[in-house]
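Here's the structure, in C-alpha coordinates; my notes come after.
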Amino acid sequence: MTIDQLKDMSLKLKIVSPEKVEFDDYVESVKVPGVMGNFEILDNHAPIISVLQAGIVEYTTGDDKRQLTVSGGFVEVHKNEVSLCVEKAR
(Lines give C-alpha, C1' and ligand atoms only; values in the text may rest on other atoms or scores of the structure.)
Protein backbone atom coordinates (compact mmCIF):
# COMPACT_ATOMS: atom_id res chain seq x y z
CA MET A 1 0.00 0.00 0.00
CA THR A 2 1.35 3.43 -0.92
CA ILE A 3 1.54 6.47 1.35
CA ASP A 4 -1.11 8.21 -0.77
CA GLN A 5 -3.48 5.28 -0.23
CA LEU A 6 -2.88 5.45 3.53
CA LYS A 7 -3.68 9.17 3.54
CA ASP A 8 -7.05 8.40 1.93
CA MET A 9 -7.80 5.95 4.74
CA SER A 10 -7.83 8.24 7.72
CA LEU A 11 -9.90 6.16 10.12
CA LYS A 12 -8.06 3.86 12.51
CA LEU A 13 -10.28 0.82 13.10
CA LYS A 14 -9.76 -1.69 15.89
CA ILE A 15 -12.15 -4.62 16.33
CA VAL A 16 -11.69 -6.69 19.48
CA SER A 17 -13.52 -9.85 20.56
CA PRO A 18 -12.97 -11.87 23.76
CA GLU A 19 -10.80 -14.28 21.74
CA LYS A 20 -8.50 -11.87 19.90
CA VAL A 21 -7.95 -8.62 18.04
CA GLU A 22 -9.97 -9.27 14.89
CA PHE A 23 -8.71 -6.24 12.94
CA ASP A 24 -6.39 -3.29 13.62
CA ASP A 25 -5.55 -1.02 10.68
CA TYR A 26 -6.56 2.06 8.70
CA VAL A 27 -9.80 2.11 6.69
CA GLU A 28 -11.84 4.52 4.58
CA SER A 29 -15.23 3.78 6.13
CA VAL A 30 -17.02 1.47 8.56
CA LYS A 31 -20.68 0.37 8.57
CA VAL A 32 -21.99 -1.02 11.85
CA PRO A 33 -25.30 -2.58 13.03
CA GLY A 34 -26.53 -0.11 15.65
CA VAL A 35 -29.57 -1.00 17.75
CA MET A 36 -31.50 1.87 16.13
CA GLY A 37 -30.35 0.79 12.66
CA ASN A 38 -27.19 0.50 10.63
CA PHE A 39 -24.95 3.54 10.31
CA GLU A 40 -21.75 4.46 8.52
CA ILE A 41 -18.70 6.08 10.06
CA LEU A 42 -16.57 8.29 7.82
CA ASP A 43 -13.63 10.65 8.27
CA ASN A 44 -14.21 13.30 10.98
CA HIS A 45 -17.34 11.62 12.37
CA ALA A 46 -18.72 13.20 15.53
CA PRO A 47 -17.67 11.46 18.76
CA ILE A 48 -20.14 8.72 19.67
CA ILE A 49 -20.56 5.65 21.83
CA SER A 50 -23.30 3.25 20.72
CA VAL A 51 -24.58 -0.26 21.34
CA LEU A 52 -24.33 -2.76 18.49
CA GLN A 53 -26.85 -5.48 17.74
CA ALA A 54 -26.16 -8.73 15.94
CA GLY A 55 -25.35 -8.08 12.31
CA ILE A 56 -22.60 -7.34 9.82
CA VAL A 57 -19.73 -4.90 10.26
CA GLU A 58 -18.42 -3.81 6.86
CA TYR A 59 -15.21 -1.85 6.38
CA THR A 60 -13.46 -0.57 3.28
CA THR A 61 -9.69 -0.64 2.78
CA GLY A 62 -8.77 0.77 -0.63
CA ASP A 63 -10.53 -1.34 -3.26
CA ASP A 64 -11.26 -4.10 -0.75
CA LYS A 65 -14.52 -4.39 1.20
CA ARG A 66 -14.49 -6.80 4.12
CA GLN A 67 -17.30 -8.07 6.32
CA LEU A 68 -17.40 -9.50 9.81
CA THR A 69 -20.53 -10.95 11.42
CA VAL A 70 -20.90 -9.91 15.07
CA SER A 71 -23.38 -10.91 17.77
CA GLY A 72 -23.49 -7.51 19.47
CA GLY A 73 -21.18 -5.18 21.35
CA PHE A 74 -20.22 -1.50 21.48
CA VAL A 75 -18.66 1.06 19.14
CA GLU A 76 -16.77 4.20 20.14
CA VAL A 77 -15.68 6.92 17.71
CA HIS A 78 -13.28 9.66 18.79
CA LYS A 79 -10.88 11.74 16.68
CA ASN A 80 -10.93 9.38 13.67
CA GLU A 81 -10.35 6.33 15.85
CA VAL A 82 -13.08 3.68 15.75
CA SER A 83 -13.08 0.98 18.42
CA LEU A 84 -15.44 -1.98 18.32
CA CYS A 85 -15.73 -4.34 21.26
CA VAL A 86 -17.79 -7.26 20.01
CA GLU A 87 -19.17 -10.34 21.76
CA LYS A 88 -18.51 -12.80 18.95
CA ALA A 89 -17.07 -12.36 15.49
CA ARG A 90 -17.16 -14.68 12.47
message: Whether any residue in region 57-74 is out of contact with any Ser or Thr (no Cβ under 9 Å at 6 or more places or on another chain), surrounded by 14 or more Cβ atoms within 10 Å (Cβ to Cβ) and touching a residue at least 60 places away in the same chain (Cβ under 8 Å) is what I want to check.
response: yes
- prompt: Which of the residues spanning region 1-16 are at pLDDT below 95 and not aliphatic (A, V, I, L, M)?
  reply: Thr2, Asp4, Gln5, Lys7, Asp8, Ser10
field: strands (runs of 3 or more DSSP E) fully within the chain counting 3 or more residues that are small (Gly, Ala, Ser)
entry: 48-61, 64-78
message: Being on the phi > 0 side of the Ramachandran plot, over 13 Å from the mean Cα position of the chain (by Cα) and in contact (Cβ under 8 Å) with a residue 12 or more places away in the chain: is that true of Asn44 here?
response: yes
Output for region 71-84, where each listed residue is on the phi < 0 side of the Ramachandran plot and in contact with a Pro (Cβ under 9 Å, 6 or more places away or on another chain): Glu76, Val77, His78
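Based on this model, can you work out whether Glu76 counts as in contact with a helix residue (DSSP H, G or I) (Cβ under 8 Å, 6 or more places away or on another chain) and charged (D, E, K, R)?
No; evaluated as a whole, the condition is false for this residue.
The values are calculated or read from the model by the stated rules, or taken from the named source; none is laboratory data. Everything numeric here is computed off the predicted structure, so don't read it as measured data. With ideal geometry, Cβ positions are generated from the backbone for all residues, glycine too; neighbour counts draw on all protein chains shown.
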